[in-house]
Amino acid sequence: MALAQQYVKYSRTLQRRVYWAAACLGAVAAFLAFYPDSKKGLGLALFFMAVMVVAAWAYTPYIKIGGKVYALMAQDSQPDSVENSDDTAATVTATQEHDRSPDAYSGLLSAAKMWWLLIPLMIISTGNVFAFVSGKGEWWVAAIGIAFIVFLSVAMGFGDASWGYGLARGQRVQFVIVAIVTVGVFAAIYLTAYQAGNRMPSRRKQSMEYRAHPRHQKLD
């Protein structure tokens, strides 16, 4: 499919039909692979379909329910009328008069999705630290967890302030949850970095954030 698209343009609707038709055929093949053991066959078929659904949500705009497209990336979440399969998300958004994802991080992940995904990441990182403290984990795993917490809190806090966004880009529920999960560490570092971003903002034209949102470019 990807190779064919280099020479022939397919609409998103056609791509979606081909993808799910292939998924259904794959599920049937998985079921028949264990025939006559229908229980194992059904289990493998369901697993195969689950993988295809997750892949479709994470990498494509192929999940459409009730006229709405469900996808991880901001560009893939756009209606079918917005078809720019050959451009990057940042370039496409920047060329539009209206910013369809004004709060998206680098034009890729909406603020809501970014902060909800941050919660399990912080749970894992904090859990690794506590495991080390309790003598059940490796020090280097805990170190990675601490580095992850510090890096994300600084990068997000400083970036949000530099580009003129509100705290957590308005995702206060997720912010509170992340603060609780990390015993306040993430919140303390984030708020400190946010204040630093307000006082000494960094708005590099080379950054994805600058290229993704037209309003940042209009400030020049």
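The values are calculated or read from the model by the stated rules, or taken from the named source; none is laboratory data. Since the model is a prediction, treat every value here as computed from it, not as a measurement. Methodologically, a virtual Cβ is constructed for each residue, glycine included, from the backbone with ideal geometry; neighbour enumeration extends over all protein chains shown.
Of the residues Val173, Val154, Val178, only one is β-branched (Val, Ile, Thr), under 20 Å from Ser101 (Cβ atoms) and modelled with pLDDT of 95 or more; which?
Working: Val154 fails: under 20 Å from Ser101 (Cβ atoms); Val178 fails: under 20 Å from Ser101 (Cβ atoms).
Unique residue meeting the criteria: Val173.
Do you know which residues across segment 21-47 are touching a helix residue (DSSP H, G or I) at 6+ places or on another chain (Cβ under 6 Å) and closer than 16 Å to Ile63 by Cα?
Listed by number, the list holds a single entry, Ala23.
Look at segment 41-72 and say how many of its residues are in contact (Cβ under 8 Å) with a residue 40 or more places away in the chain and either within 21 Å of Ser11 (Cβ to Cβ) or loosely packed, with under 12 Cβ neighbours inside 10 Å (or both).
4
Quick test of your reading of the structure: Gly127 fulfils all but one of (1) in a helix (DSSP H, G or I); (2) within 20 Å of the chain's Cα centre (by Cα). Name the failing condition by number.
If we test Gly127 against (1) in a helix (DSSP H, G or I); (2) within 20 Å of the chain's Cα centre (by Cα), just (2) comes out false.
What number goes with the only condition from (1) surrounded by 14 or more Cβ atoms within 10 Å (Cβ to Cβ); (2) out of contact with any Lys or Arg (no Cβ under 7 Å at 6 or more places or on another chain); (3) among the charged types (D, E, K, R) that Glu138 does not pass?
Every condition holds for Glu138 apart from (1).
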